[in-house]
Amino acid sequence: MQKFIVTGGTPLQGDVRIAGAKNAVLKMMAAAALTDDACRLTNVPQISDVRIMARTMSDIGFDLERTDGAAGEGVLEMRAGAANWLFVPLEAAMKMRSSFILLGPLLTRFGRVIISNPGGDRIGRRPVDLHVEAMQTLGAEIEYKNGYYFAEAPSGLRGAHIEFPYVTVMGTENAMLAATLAKGTTVISNAAQEPEVDDLIAMLCAMGARIERTAPHRLEIEGVDRLHGVEHRVIGDRLEAGTFAIAAAVTGGDITIRGVEPAHMGSFTDTIAGMGVDIETTDDGLRVRAADTYRAADVETQPYPGFATDLQAPLAVLMTQADGVSSIHETIYEDRLDYTMELVKMGAVIEALDERRARIAGPTPLHGREVEIADLRAGATMILAALSASDTSVISGVEHVDRGYEAIESKLVALGARITRIDA
């Protein structure tokens, strides 16, 4: 186990390059299982979730090799030949919920898979029932026993109309991956429209898939006999970019964020600009400058293009520095406000209305404390709080941050932060 030691009070300044999107690259790795041709991904983030997914796919029998491209950018070469072991174990599922994205591609290409019920971050129930029901709608036979889904499609999958009762990002992606090689046409209604989903669509279409977004929440997929290899660049991580934007704001800093598409961050940038943060769009990202004072805000998380659930926890740190009472309403996950208890330890004034809603009063000075990270985005939140606090904080649970942020402490140090990693 490792910890971060963070001494706050230093305005962060300079340039930071954002890594490839965690929520895109894992799905693209799964997409490589749809063909026995070589696939090459660039702008691959060096995060533990990518390593876990690569190890899981290697255990199945696929070949994966990580190399460095231009300027040290991550490159991943993959070839999914014959599968020796169509099994995704509990170990992988408990470390990373996204391992369940292998259900669709393995089932549609190989006709069977055994996959564990996933674990992941402790942010409430994240059922995969919609994924399973989508596969069954496509003709799969799935039995659940002893913590595993036993899925078969001996005659192949067939196109169908899948209508999700609510927007599910990974459910949309799993269904879409399965439908690419299904016989006939599949329609997905209430489909997610996150930028990461569209980036996956772009990759699949470059592989020969026939996918069209005919309406904002409607996808039509015409199944093909086979897909071919591809080289694809992963989009920049808008969630990492949002974290650094808030870092600039709460430390009184000035950060230029490179390698992200500003259009992917509209709801977030509109929100923090409304609070008083100075934001300027650049050719390849954003420049974010702190203000002397901030205004309170009311935020409700929603599927894209609404305010991202993954950014509500980091935003809470900025809310502690805003003048007045802000509010957060988390509509996606029921236990994603647990981090507020750690912020209260640091001096934040937060009233939990229920498990999904909280009020945050400010401006309130934060103070260094010993705190614990419970999940990935809460990890970024505690780092942001420690950077803006007086004195020194000790943050445990660093492994959660490593799941989605590439070398976060070295990027922060380059901006002037005082943060070190130690073995506990």
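Tabulated values for the structure
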item: Count of lysine pairs in the chain with Cα separation under 26 Å (8 or more residues apart, or interchain); result: 12
item: The stretch 129-181: radius of gyration over Cα atoms, expressed as a fraction of 2.2 N^0.38 Å; result: 1.10
item: Dipole magnitude (debye, nearest 20) for the chain, charges at Cβ of Lys, Arg, Asp, Glu; result: 400
item: Calculated P(r) of the chain - Cα pairs past 35 Å, %; result: 27
item: Hull-based mean projected area of the stretch 22-233, where the convex hull spans the alpha carbons, in square nanometres; result: 10.7
item: Shape category assigned to the stretch 253-339 from the gyration tensor of Cα positions, a/c cut at 1.5; result: oblate
item: Relative contact order, percent, the chain [alpha-carbon distance under 8 Å, six or more residues apart]; result: 22
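Every number here is computed from the coordinates shown, using simple stated rules; none is lab data. The structure presented is a predicted model; accordingly, all values stated were derived computationally and were not measured. Note that each Cβ is placed from the backbone with ideal geometry, even for glycine, and that neighbours are counted across all protein chains shown.
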